[in-house]
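To start, I am sharing the structure in question, which I have written as structure tokens.
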């Protein structure tokens, strides 16, 4: 049985793409699967996947930047035939593993990391351009020795080139995880919901502010469910809620810890509507966030930032209600949007296709061909 090892720096062990799309699909394809990522799980689990914990650290932690070297011996001892790298910082590790073991090395392009660095507020402005260009050069030089790379979105197709044999597309369509064994609901009755990384560019503060402004009309709680990757936003979120006087109607799930993906899906199933007030920055525009697939598949409307490509998704699938980034919180505008969200009929929503067994089969066949 061919062994495949997935390694990530920032993703949790049960990440929606790494675990539910990649790892579980590889098990179905007959691979022996190992996942090395952030979390506490160790050993073989009931899905037939061996879990290895890389510990836990924030986005700007020194541990992150030392991880590629500190994990070397452990990764070598796993002795997989195929290693899939889910973070660009791991490319040096991949090159080393290829030299040491003769392993097949695949790079999974989750995002446009160059743009993330160039426009993200996580780093000082004077460093962004240097770091972004350094990373892009590192990625492109790696194409000389990588056995293959996988794109999560069509809009990433030019990052490393479109080599027909080395390139594969494995999109972030929805995969329904198993029900969690235990789940403590944070709230009873209807609620608005924000899910995903707690980051300003992903609209968490905008979503919070929208709910605060709409509460006199809406009068339902807000649940924020996600991980504060930088460890800086939770205090700001709590202070804004405290200042608003709405603490009795606000629930934070996660914050300083990862929220299991199966719990996220449970929360989406139970919500009245979700919020995706992303900032339309260059690293975000044009991509279809995983969140869109989740809400579409589960028949729940999204309040989303008005943007061309997302409006196209809405026109095709009935994603939800657009909100102009610069819109004023007028009573009339809020009333109109809330009425549409609360009157949403699931049967009116065109559900997007789930990730199909054919897409998993195509991925597994491609990996097997690379490994021969």
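Take residue 77 and decide whether it is loosely packed, with under 14 Cβ neighbours inside 10 Å and within 24 Å of the chain's Cα centre (by Cα).
Judged against the criteria, residue 77 is not a match.
Kindly establish whether residue 248 is surrounded by fewer than 21 Cβ atoms within 10 Å (Cβ to Cβ), farther than 19 Å from residue 206 by Cα and without any contact (Cβ under 8 Å) to a residue 24 or more places away in the chain.
So residue 248 passes the test.
Shifting gears a bit: Taking the condition of being within 16 Å of residue 261 (Cα to Cα), touching a helix residue (DSSP H, G or I) at 6+ places or on another chain (Cβ under 8 Å) and modelled with pLDDT under 95, how many residues in region 26-61 meet it?
Residues in region 26-61 being within 16 Å of residue 261 (Cα to Cα), touching a helix residue (DSSP H, G or I) at 6+ places or on another chain (Cβ under 8 Å) and modelled with pLDDT under 95: 2 in total.
Please work out if residue 199 is modelled with pLDDT under 90, within 30 Å of residue 329 (Cα to Cα), buried (at least 20 other Cβ atoms within 10 Å of the Cβ) and out of contact with any strand residue (DSSP E or B) (no Cβ under 6 Å at 6 or more places or on another chain).
yes
Report yes if residue 274 is surrounded by fewer than 16 Cβ atoms within 10 Å (Cβ to Cβ), touching a helix residue (DSSP H, G or I) at 6+ places or on another chain (Cβ under 6 Å) and at pLDDT 95 or above, otherwise no.
It is false that residue 274 is surrounded by fewer than 16 Cβ atoms within 10 Å (Cβ to Cβ), touching a helix residue (DSSP H, G or I) at 6+ places or on another chain (Cβ under 6 Å) and at pLDDT 95 or above.
Looking at (1) crowded, with 16+ Cβ neighbours inside 10 Å; (2) modelled with pLDDT of 90 or more; (3) in contact with a helix residue (DSSP H, G or I) (Cβ under 9 Å, 6 or more places away or on another chain); (4) farther than 30 Å from residue 182 by Cα, find the lone condition where residue 292 falls short.
(4)
Condition first: crowded, with 19+ Cβ neighbours inside 10 Å and touching a helix residue (DSSP H, G or I) at 6+ places or on another chain (Cβ under 8 Å). Now tell me which residues in region 225-236 satisfy that.
Scanning region 225-236 gives 225, 226, 228, 233.
Hey, another quick one. Which of (1) over 15 Å from the mean Cα position of the chain (by Cα); (2) touching a residue at least 40 places away in the same chain (Cβ under 8 Å) is the odd one out, the single condition residue 239 does not satisfy?
Residue 239 satisfies every listed condition except (2).
Residues of region 7-39 being part of a helix (DSSP H, G or I) and in contact (Cβ under 8 Å) with a residue 24 or more places away in the chain, which ones?
16, 17, 18, 19, 20, 21, 22, 23, 24, 25, 26, 28
If you don't mind, there's one more thing I want to ask. Taking helices (runs of 4 or more DSSP H) that do not extend beyond region 88-188, which have at least 1 residues that are buried (at least 16 other Cβ atoms within 10 Å of the Cβ), in contact with a strand residue (DSSP E or B) (Cβ under 9 Å, 6 or more places away or on another chain) and in contact (Cβ under 8 Å) with a residue 40 or more places away in the chain?
Counting at least 1 such residues, we get 91-101, 125-142.
The values are calculated or read from the model by the stated rules, or taken from the named source; none is laboratory data. Quick caveat, the model's predicted, so the values are computed rather than measured. Cβ coordinates were reconstructed from backbone atoms using ideal geometry, including for glycine residues, and neighbour counts include every protein chain displayed.
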